[in-house]
Amino acid sequence: MASAEPIKQLICINWGTKYGSDYINRLYGMVSRNITPPFTLTCFTDNSEGIRPEVHAVPLPELSFQLPQTKRGIWPKCRLWSQTLGELTGPVLFLDLDLVITGNLDGFFSFGDPNDVILARNPSNPLEKLGQTSVYRFPVGKLLPLLERFSASPLEIAEKYRFEQRYVTRNAPGGVKFWPNPWVLHFRQQCRRTFPFNYFKVSKLPDTAKIAIFPGDLNPGDAIQGIYHSGGKVRSPRQHVCAGLRGDRDRSLLAHLRHFILPTPWVDRLWRE
């Protein structure tokens with residue numbers, strides 16, 4: 001008799017007011033269209049209002065220390081390094097709320113060993129071989145040593161490593177592995193067109209991509225509108241060039257010209273509940 005298919009366990013985290021329940025519900029919708037059941041999505045959150053019932057909304061794991069306040073890194077994800085995560089056991093796949101699922105997710109559960117810590121590669125720091133925790137898998141409890149060390153000197157560690165992904169990459173017990181390069185694409189680094197092609201070609205989506213991540217201040221909603229920086233203006237190519245030439249910019253002319261994208265239809269099509 002064939003054994004039952006193991007449940008694919010996905011998790012996310014939400015705190016504060018930056019992302020509402022619509023992000024969580026949208027993530028569930030994208031997952032459900034791109035995975036072979038059975039699966040669960042558990043959201044660790046400080047506000048479960050409006051979250052669709054298929055998502056397991058669980059209170060944020062408690063911390064015994066105050067999170068450090070720094071200019072760069074955001075560290076609340078460290079809560080997921082706890083010994084326990086609700087009723088979950090074994091490998092869990094973490095997903096950021098502001099990513100776009102573009103292909104089948106099954107490979108993220110069969111790749112490597114169940115005890116591995118597996119991250120996306122960060123293309124911004126190729127020589128450092130830095131991992132990206134927008135999409136990473138780990139066994140529940142394996143990263144507890146990171147939390148224990150962090151809790152002893154939170155500000156010192158935050159200032160030393162700047163970003164929690166660097167801390168995980170360098171200190172995960174047993175080291176880390178990386179997803180195959182084509183699976184996870186950094187939208188700004190690997191999807192958008194370089195200058196001057198960004199003015200007449202939309203950002204690309206290779207067939208091999210399974211997830212597009214959006215680190216920094218460009219999120220999927222911005223990509224849909226054709227905005228390079230959150231809070232920026234929607235402009236046609238001509239309007240953007242003219243704004244740069246007349247000095248209506250907050251960076252160099254070259255940077256201004258490079259920081260332009262056309263509206264991205266594939267993000268609009270895929271980033272939905």
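Residues in the range 235-244 include none that are in contact (Cβ under 8 Å) with a residue 40 or more places away in the chain, out of contact with any Leu (no Cβ under 6 Å at 6 or more places or on another chain) and on the phi > 0 side of the Ramachandran plot.
Residues that are assigned by TED's automatic domain parsing to the domain that holds GLY16, more than 18 Å from the chain's Cα centre (by Cα), outside any strand (DSSP E or B) and not aromatic (Phe, Trp, Tyr) occur at least once in the range 90-99. In a helix (DSSP H, G or I), closer than 30 Å to VAL117 by Cβ and not assigned by TED's automatic domain parsing to the domain that holds GLY20: does that describe GLN239? Here the answer is no, as GLN239 does not meet what is asked.
Yes or no, residue by residue, for (1) touching a His at 6+ places or on another chain (Cβ under 9 Å); (2) in the same structural domain as LEU63 (by TED's automatic domain parsing); (3) of a type outside the set (Lys, Arg); (4) exposed (fewer than 15 other Cβ atoms within 10 Å of the Cβ):
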residue: PRO145; (1), (2), (3), (4): no, yes, yes, yes
residue: ALA152; (1), (2), (3), (4): no, yes, yes, yes
residue: PHE163; (1), (2), (3), (4): no, yes, yes, no
residue: ARG166; (1), (2), (3), (4): no, yes, no, no
residue: THR169; (1), (2), (3), (4): no, yes, yes, no
residue: ARG192; (1), (2), (3), (4): no, no, no, no
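Could we say that ASP116 is in a loop (DSSP other than H, G, I, E, B) and within 30 Å of THR17 (Cβ to Cβ) here? Here the answer is no, as ASP116 does not meet what is asked.
Among what's in the range 174-205 and is of a type in the set (Val, Ile, Thr) and more than 19 Å from the chain's Cα centre (by Cα), pick the residue that is farthest from PHE108 (Cα to Cα). Show your work before the answer.
Step one: filter the range 174-205 for residues of a type in the set (Val, Ile, Thr), giving 176, 184, 194, 202.
Now restrict to residues that are more than 19 Å from the chain's Cα centre (by Cα): 194, 202.
Details: THR194: 29, VAL202: 28 Å.
Looking at the filtered set, the residue picked out is THR194.
Suppose the filter is buried (at least 20 other Cβ atoms within 10 Å of the Cβ) and more than 19 Å from PRO145 (Cα to Cα); does LEU10 pass it? Yes; evaluated as a whole, the condition is true for this residue. Scanning the range 148-170 for residues that are within 20 Å of the chain's Cα centre (by Cα) and closer than 29 Å to GLU87 by Cβ yields GLU164, GLN165, TYR167, VAL168, THR169.
Among the residues making up the range 114-156, those that are closer than 25 Å to LYS210 by Cβ and basic (Lys, Arg) are ARG121, LYS129, ARG137, LYS142.
Please determine whether any residue of the range 110-118 is aliphatic (A, V, I, L, M), surrounded by fewer than 21 Cβ atoms within 10 Å (Cβ to Cβ) and farther than 17 Å from PRO182 by Cα. Write out each step before concluding.
The first filter runs over the range 110-118 and keeps only residues aliphatic (A, V, I, L, M), leaving 117-118.
Add one more test, that the residue is surrounded by fewer than 21 Cβ atoms within 10 Å (Cβ to Cβ), and what stays is 118.
With the extra rule that they be farther than 17 Å from PRO182 by Cα, the set shrinks to none.
For the range 110-118, residues aliphatic (A, V, I, L, M), surrounded by fewer than 21 Cβ atoms within 10 Å (Cβ to Cβ) and farther than 17 Å from PRO182 by Cα: absent.
Might you check whether a residue that is in contact with a helix residue (DSSP H, G or I) (Cβ under 6 Å, 6 or more places away or on another chain), surrounded by 13 or more Cβ atoms within 10 Å (Cβ to Cβ) and β-branched (Val, Ile, Thr) occurs anywhere in the range 84-92? Scanning the range 84-92, I find no residue that is in contact with a helix residue (DSSP H, G or I) (Cβ under 6 Å, 6 or more places away or on another chain), surrounded by 13 or more Cβ atoms within 10 Å (Cβ to Cβ) and β-branched (Val, Ile, Thr), so the answer is no. The listed residues are GLY226, GLY174, and the only one of them that is modelled with pLDDT of 95 or more, surrounded by 16 or more Cβ atoms within 10 Å (Cβ to Cβ), out of contact with any Asp or Glu (no Cβ under 6 Å at 6 or more places or on another chain) and not acidic (Asp, Glu) turns out to be GLY226.
The values are calculated or read from the model by the stated rules, or taken from the named source; none is laboratory data. What you are looking at is a predicted structure, and each value in this text was computed from that prediction instead of being measured. Virtual Cβ from ideal backbone geometry, glycine too; neighbours counted across all protein chains shown.
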